[in-house]
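Student: Got a structure for you, questions after.
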Amino acid sequence: MTDNNQLPASGQPTIFPSRVPWRAVIVFVIVACGLAWAVTLPLWLNGGLANPIAGLLLPVMMFTPTIAMLVVVLVLRSPAQHRLRFLGMWPLRPAGRTILFLALGLFGPWILSLVIAGVSALCGWAIIDPENSVVAQQLAAALPGEIDRELITTVIIVQIVATPLNAILSSMLAVGEELGWRGWLTPALRPLGTGATLLLTGVIWGLWHSPIILLGYNFARPDLSGVLLMVVGCVAWGVLLGWLRLRTASVWPAVLAHGSLNASAAVFLALFDAQKLDLALAGPLGVAAWIVLAVVIAILLLTGQFRRQPAPLLPAAWGPAPVSLPAPPQASSGHVVDMGGNGSDTDGRAG
């Protein structure tokens, strides 16, 4: 991924942190992952995911990255200034671009999940059979007597169509993760370059899930293979969520996209035969997803989308001694960096 974070905009200085704050990054990762293990410890001690309190502890775990973010921001003062801007929480401008990417974050993972489901079926990794789906089984358990086929079909259609609405609700929990992963960690690693930032963030995000993956969550593979599946899935989706973050300098499109991804699991539970569904192949984080997301990422690369980034930081965001690059005497013919106030992208066009 081409990295243009050292190309200043014509006529104005561009200021970036001189290096990755590795001490803060290490503390962030230790706190986020350590708290994740601590929150899930009762599940490890008694019953695993079958423990009745699992439904409470898993949402609590989602807020451990935010707690880690607060530790490094408030205790280590990283960054020291302009924290809301650095975290991508504020300001929400330019409004047009923000709204466009919010919509993309909300609907994108839902649409991609439908495509992933289609690829799964075409590859023979899952069988489309709504009458034997997880949703149908849940209806059968909840309602007495024989379940009418039309009722199953109606419930499944409503559930799939309502995914974007459920995504908004799911985002209320996803924000607990995203203020850490894409809010703080992504811009903290940004001096490494776009590619390294997105890949490393995705790996950390995937490994953070280890306490529940090793209990059989997501893939029903409570071993190293499950962790590796999660890491690859998180890297693939993390590139897209990270792109939303860097493309807009706002964390909120990534929050909606994460919520939409979580809600889109309903697509697979509603369409496929539950007895023959292997989420490692046909799920939103499985092999079919890797194929679809690889195509999307390739398109973004070929169209130069990773090069179009407004600067996520304000001057002096990391303390009193930022690195300032003077403007060149002539306008660069390549991509330039927008400081985020005039709504232009790194190639000088409005977006």
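Student: Could you give the length gained by full extension between V158 and V60, i.e. 0.36 nm per residue of separation minus their alpha carbon distance, to one decimal place? Intermediate values should be presented prior to the final figure.
Tutor: Working: separation 98, 0.36 × 98 = 35.28 nm, distance 2.86 nm.
Here the answer is 32.4 nm.
Student: Leaving out ligands, DNA and RNA but keeping every protein chain, what accessible area does R190 have, in Å² rounded to the nearest 10, with a 1.4 Å probe?
Tutor: 20 Å²
Student: Based only on the alpha carbon positions, what is the Kirkwood hydrodynamic radius of the stretch 35-84, in angstrom? Could you put the intermediate results ahead of the total?
Tutor: Numbers: mean 1/r = 0.0812 Å⁻¹.
Value: 12.3 Å, from the Cα pair sum.
Student: In nm, to one decimal, how far is the L301 label point from the L192 one, both placed 7 Å along Cα→Cβ?
Tutor: 1.7 nm
Student: Largest first, how would R221, R247, R77 line up by accessible area (1.4 Å probe)? Intermediate values should be presented prior to the final figure.
Tutor: Values: R221 75, R247 10, R77 135 Å².
The ranking, largest first, comes out as R77, R221, R247.
Student: Output needed: percent of Cα pairs per 5 Å distance bin for the stretch 176-252, bins running from 0 to the one holding the longest distance.
Tutor: That works out to 3, 18, 26, 21, 14, 10, 5, 1, in percent per bin.
Student: Work from the charge dipole of the stretch 115-188 (Cβ charges, +1 for Lys and Arg, -1 for Asp and Glu, about the Cα centre) and give the residue of M172, I127, V158 farthest towards its positive end.
Tutor: Value computed over the given set: M172.
Student: Describe numerically, in nm with one decimal, the distance between label points set 7 Å from Cα along Cα→Cβ at I53 and at E150.
Tutor: Those two pseudo-labels are separated by 4.7 nm.
Student: Additional query: Please compute the modelled spin-label separation between L122 and L228, points set 7 Å along Cα→Cβ, answer in nm with one decimal.
Tutor: Result: 2.7 nm between the two label points.
Student: To continue, here is another question. Given 5 Å bins starting at zero, what is the percent of C-alpha pairs of the stretch 82-155 in each, up to the one with the largest pair distance?
Tutor: Pairs per bin, as whole percents: 3, 12, 13, 12, 12, 11, 9, 8, 10, 7, 3, 0, 0.
Student: Sticking with this structure for a sec: With +1 on each Lys and Arg Cβ and -1 on each Asp and Glu Cβ, how big is the dipole of the stretch 19-169 about its Cα centre, in debye rounded to the nearest 20?
Tutor: Details: 8 positive and 5 negative charges, 281 e Å.
Roughly 1360 debye for the stretch 19-169.
Student: Which value does Rg/Rh take for the stretch 203-310 over its C-alpha atoms, Rh per Kirkwood? Walk me through the intermediate numbers first.
Tutor: Numbers: Rg = 14.7 Å, Rh = 14.7 Å.
On the Cα set of the stretch 203-310, Rg over Rh gives 1.00.
Student: For the stretch 133-211, what is the Kirkwood hydrodynamic radius in Å, using each pair of distinct C-alpha atoms?
Tutor: Details: mean 1/r = 0.0627 Å⁻¹.
Computed over the stretch 133-211, the radius equals 16.0 Å.
The values are calculated or read from the model by the stated rules, or taken from the named source; none is laboratory data. All values reported here derive from a predicted model rather than from experimental measurement. All Cβ positions, glycine included, derive from the backbone under ideal geometry; neighbour counts span all protein chains shown. Each accessible area value is taken on the protein alone, full model and side chains, heavy atoms only, with ligands, DNA and RNA left out. Shrake-Rupley method; radii C 1.70, N 1.55, O 1.52, S 1.80 Å.
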